[in-house]
Structures are given as C-alpha cells and as structure tokens.
Amino acid sequence: MNKLKIQLAWQHRRFLLKAVGIGLVVGLFIALCIPKEYEAGILLAPESISERTTNDAPEGWSGTFLNETKERDAITPDYYPHIVSSPLFLTALFDIPVQTIDCPPDSTLTLYNYIDQHQHRPWWSFLQTAFSKVVGLLTGSFFDNPRKVESNYTAALSDSIPTILALSAKDTGIASAINSRISISPDVKTRTVSIACRMQDPLVARIVADSVSRRIQAYVTEYRTNKKREALVAAQILQQQAREKYYQAQEIQAAFEDRNRNLATRNAQKELVKLRILTAQAYQEYTRTTLQMHAAETQVIRVRPVFAVIQPATTPVRPASPSKVKYMAAFALLGLLTGYARIGFFGVKKKISVGKSVY
C-alpha cells in the first residue's frame, strides 16, 4: 500500500512540486501581510521570605520582639500571572506614557491610546469588519441607535465594595489586548521569573515590559508589608501614648517636689515615693513600647521583597513575529497534502471508472 502511494506521488511529482511552490508563495504573502511584532523581556530573581532568618536582625535584639520562626511567602512567583491578568492590574497600565520609535522624542501617548489607535491589522481583518457590517445591515441592527458607553476605568470603584471595577466594552477589549501581549513565566528550578511583552513597536514593548516589572514588584511589596505596616502603626500609637504618660508622670513628680521641698512630713515622703514608682513604671513602659516599635520597623524592612534584575529590558532590534519560514513551511506542507489528496482522489475515481467500463 505504501509502495503504491510512493509510486503515485512520483508519477505526479511535477504537480506536487507546483502545489508546494504555490504554498510557499501563499505563505510568504500571508507572512508579509501580518504586522511585525517585537518582544522585550526581563528576567527577575525574587528573594523568598523563608530564606531570611533572624540572623539579619541587629545585635542585641531579643527574640521577644522579633519572630524567630521562618515565614512563608505571601505571594509566590506562581501567582504572578494571575496578578497581571487581573482587571485592576491591567487597567492601571492604561495611563502608562509610551513613545513609539518613529515619533519625536518629546511626543508621548498613553498605552490605552496606543492600543486603540496605533495598531496595524492585516487586510483580511477589514473584510471581517465589512462582513459584520453587511450582516448588521441585513438584520436591521445597523440602523439601531448606538449605545453610548463612557470609559470609567480610572476611578470606577464602589464605596461599599472597593474591589468591584466597572468597565465599558471598549475598555474590556483593550484590557484583554494588553493581557494577550504580556506573558509571565516563573521557573521553579532556577527560581526566576521571565516577563515578556510583545508589541508592534519595539520601544513600546520595552517600556511596557519595564512598567509591568516595576508594578509587580510594587504590588508584591505592598502585599507583603501591609500586615507589618499595620503592626508598625499600632506600635507607634502605643509608644506615643506611653511617652505621653511618662512625660506626664515626670511633670507630676517634679511639681510635687517643688511644692514640698521644705516639708519633711511622712505623708509627703510617702507620696514622693509613690510618684517616683509611677514614674519608673511609666519609663519602663515607654522603653518597652519603643523597643516594640523599632522591632516592627525592622520587620517591615525584613519582609520587603528583593528582586534581582538579571536581564533588564532592552529595545528589540529584530521582530519576533511573524516568522516567514514557519508560514512558508506550513503552507508548503498544506499544498503538498492538498495536491496529494487531489491526485489520490482522482486516481481512485479513475480506477472506479475503468472498472465499470470493463464490466
């Protein structure tokens, strides 16, 4: 059976070569019609909280004020793709100032406007748009009044539920377009995170990749230090209250000693001892809360993540897509399969017709 197929292909080798040639031309034509895209990447190495121990603490700090147990990361690199794909993160990228490589140095535009107005599309996308308009014209929906939707991505948060974000259809589409052009790839073995951004302009790709990297670092830092900063604020309040009580006890003791300087009564001495004890207790409380406040400050610094930028973002020189070789190879293979199916079909049909003529 295979031998017959090889013989059939050899007999029609000229036709198959023509089919392959047509596939190569079609693949090259389609590759030239697709807009070029450039990819900029960043390689990060985030430090884990569990890698830090209390050895980082200054000498003389007691374990009473520092947590000597190892802590787990609040957000691991595996969650970075989910962070970037969230609507709150994507809408925060709308106002990033970008600059195209063919524009003057002083001219900038937002990423929102770049995705909305400066994207090139292949010619068949216009045919799809025209077809959808024709369908709308035939169905009558083309004559309907368009629904006016205003963009409210900047501050469309509810007061009661601050995590709800209301977006228009246009804003949702642009957020999806930005999300499709950003990829986050954490590597567990090397403990690194690769951030890649693909845009039609190389300079925009580099700017967006760098902005995404910085915003991820800020997001993780905010998330990790939020709880520790709340503890720091509480410790600062307690320290301030203890300081005020200590100063107040000092003033009361000093005023009493000034009023009873020349008195040697037992009641005066008893009251003076009592005031000195209260002042000493207030000082101890003030010292304890001060140590706790400094320990909370140290905790905020210790849980702050450290991102080592192994490979910074650079402006790409060569386009990452489309690959002319891949398109030409794919359509050449498609042409070969189509040609072989055609000669196989007609070969079987010819055999059937010959068999009928014999009978």
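The values are calculated or read from the model by the stated rules, or taken from the named source; none is laboratory data. Predicted model only: the values in this text are computed from it and were never measured. Note: ideal-geometry Cβ built from the backbone for every residue, glycine included; neighbour counts use all protein chains shown.
Residues in the stretch 101-120 that are out of contact with any Pro (no Cβ under 9 Å at 6 or more places or on another chain) and surrounded by 12 or more Cβ atoms within 10 Å (Cβ to Cβ) were compared, and the one that is modelled with the lowest pLDDT is CYS103.
Taken together, ALA313, ALA308, ALA295, ALA268 contain a single residue that is touching a strand residue (DSSP E or B) at 6+ places or on another chain (Cβ under 6 Å) and surrounded by 14 or more Cβ atoms within 10 Å (Cβ to Cβ), which is ALA313. The set of residues in the stretch 189-225 that are over 19 Å from PRO97 (Cα atoms), basic (Lys, Arg) and either in contact with a helix residue (DSSP H, G or I) (Cβ under 9 Å, 6 or more places away or on another chain) or surrounded by 16 or more Cβ atoms within 10 Å (Cβ to Cβ) (or both) comprises ARG191, ARG224. Working only within the stretch 82-93, note down all residues that are surrounded by fewer than 16 Cβ atoms within 10 Å (Cβ to Cβ) and under 22 Å from LYS189 (Cα atoms). Selection gives HIS82 alone. Of ALA234, ALA282, all but one fail to be modelled with pLDDT of 90 or more, in contact with a Lys or Arg (Cβ under 8 Å, 6 or more places away or on another chain) and part of a helix (DSSP H, G or I); the exception is ALA282.
For the stretch 150-169, check the following and say yes or no: at least one residue is among the aliphatic types (A, V, I, L, M), on the phi < 0 side of the Ramachandran plot, at pLDDT below 80 and outside any loop (DSSP other than H, G, I, E, B). The answer is yes; a qualifying residue exists.
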